[in-house]
1. Taking only pairs six or more apart or across chains, which ones have beta-carbon atoms under 7 Å, a first residue in the stretch 48-77 that is closer than 26 Å to A139 by Cα and among the β-branched types (V, I, T), and a second residue that is in a helix (DSSP H, G or I) and more than 14 Å from ligand 2 (Cβ to nearest atom)?
2. For the stretch 116-134, which positions are assigned to a helix (DSSP H, G or I) and within 13 Å of ligand 2 (Cβ to nearest atom)?
3. Assuming K162 fulfils every condition listed in (1) away from ligand 2 (no atom under 16 Å from the Cβ); (2) touching a Gly at 6+ places or on another chain (Cβ under 7 Å) apart from one, which condition is it?
4. When the stretch 40-62 is examined, which residues are found to be within 16 Å of ligand 1 (Cβ to nearest atom) and not small (G, A, S)?
5. Within 30 Å of N166 (Cβ to Cβ) and either in contact with a Leu (Cβ under 6 Å, 6 or more places away or on another chain) or aliphatic (A, V, I, L, M) (or both): is that true of A39 in this structure?
6. Could you please tell me which pairs satisfy a Cβ distance under 9 Å, a separation of 6+ or placement on different chains, a first residue in the stretch 161-172 that is touching a residue at least 40 places away in the same chain (Cβ under 8 Å) and more than 13 Å from L204 (Cβ to Cβ), and a second residue that is more than 8 Å from ligand 1 (Cβ to nearest atom) and not aliphatic (A, V, I, L, M)?
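Every number here is computed from the coordinates shown, using simple stated rules; none is lab data. Everything numeric in this text was worked out from a predicted model, so none of it was measured. Using ideal geometry, Cβ is built from the backbone for each residue, glycine included, and neighbour counts are taken over all protein chains shown.
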Amino acid sequence: MNLTIIHEFMIRHLQNDATGHDVLHIDRVEKIAERIARAEGIDEYGLQIIRAAVYLHDVIDEKVTHSVEQTIDDVRHVLKSAEAHDEEIEIIMDIILNMSYSKNIEQKKTLTHLGQIVQDADRIDALGAIGIARTFYYAGSKGSAIYDATPPIPADELTESKYRQNTSAINHFYEKLLLLKDTMNTVTGKKLADERTELMKHFLTSFDAEISGEC
Ligand code: ADP
Ligand code: NI
């Protein structure tokens, strides 16, 4: 499989993104996925599948493309032109079509071991200092508030369509980001998620104190 062709395809699709699903997000997720994969004993063949899925996972996202169906066809086409075998294409498509948070809200999808690693890596990049930065950047790009008087939607009342409604950046922490650590698939992913969640909790504590005038 020619990963360079897939990487170049990804750059063409994400180079103008201004929602935090950009090329630098892909670079970070690739590094995290590689780290988790090594700890999980994944071989070079598995790592190739992981890299391809990391490159392609946000290209087909409705936040990034106007036509999800067309882009799915384009992704299959680029994988063929990169000489991926049919079974490799199916493994990669299965990962990128089923890994997202929004698609797992109402019914949890079963992922392969390689898919679980890509999902953990993508979720780690939503947490910690970079996760805080991405959340405010995303909210700004959508015209959402930093915070408002609307209470966050409790986890058991969240649906895919409610998740997509423009919630404030601060509510996004309670509706998604603080819950991610309990969805990790791998030991390494869980450890990184726990550390990054602690940092976000400190941030939210200071944030609440500041906006309520306590400090
Ligand atoms: P997934 O692709 O797993 O469904 P998203 O693409 O919705 O996840 O989220 C990726 C990142 O984009 C989030 O971790 C967050 O930083 C940002 N984001 C998504 N939705 C919101 C939102 N409503 N408010 C603020 N940030 C958001
Ligand atoms: Ni992503």
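1. What qualifies is V59/T71; V59/V75; I60/V68; I60/T71; I60/I72; I60/V75; T65/T71.
2. Here is the first cut: in the stretch 116-134, the ones assigned to a helix (DSSP H, G or I) are 116-124, 128-134.
If the condition is that a residue be assigned to a helix (DSSP H, G or I) and within 13 Å of ligand 2 (Cβ to nearest atom), then V118, Q119, D120, A121, D122, R123, I124, I130, G131, R134 are the ones that fit.
3. All conditions are met except number (2).
4. Step one: of the stretch 40-62, the residues within 16 Å of ligand 1 (Cβ to nearest atom) are 53-62.
Across the stretch 40-62, the qualifying residues are V54, Y55, L56, H57, D58, V59, I60, D61, E62.
5. Working: within 30 Å of N166 (Cβ to Cβ): no; either in contact with a Leu (Cβ under 6 Å, 6 or more places away or on another chain) or aliphatic (A, V, I, L, M) (or both): yes.
Criteria not met by A39.
6. R164/E62
Conditions (1) under 18 Å from the mean Cα position of the chain (by Cα); (2) of a type in the set (A, V, I, L, M, F, W, C); (3) under 28 Å from I36 (Cα atoms), marked per residue:
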position	(1), (2), (3)
I117	yes, yes, yes
G131	yes, no, yes
S144	no, no, no
Y147	no, no, no
I153	no, yes, no
E157	no, no, no
E175	yes, no, yes
K191	yes, no, yes
L199	no, yes, yes
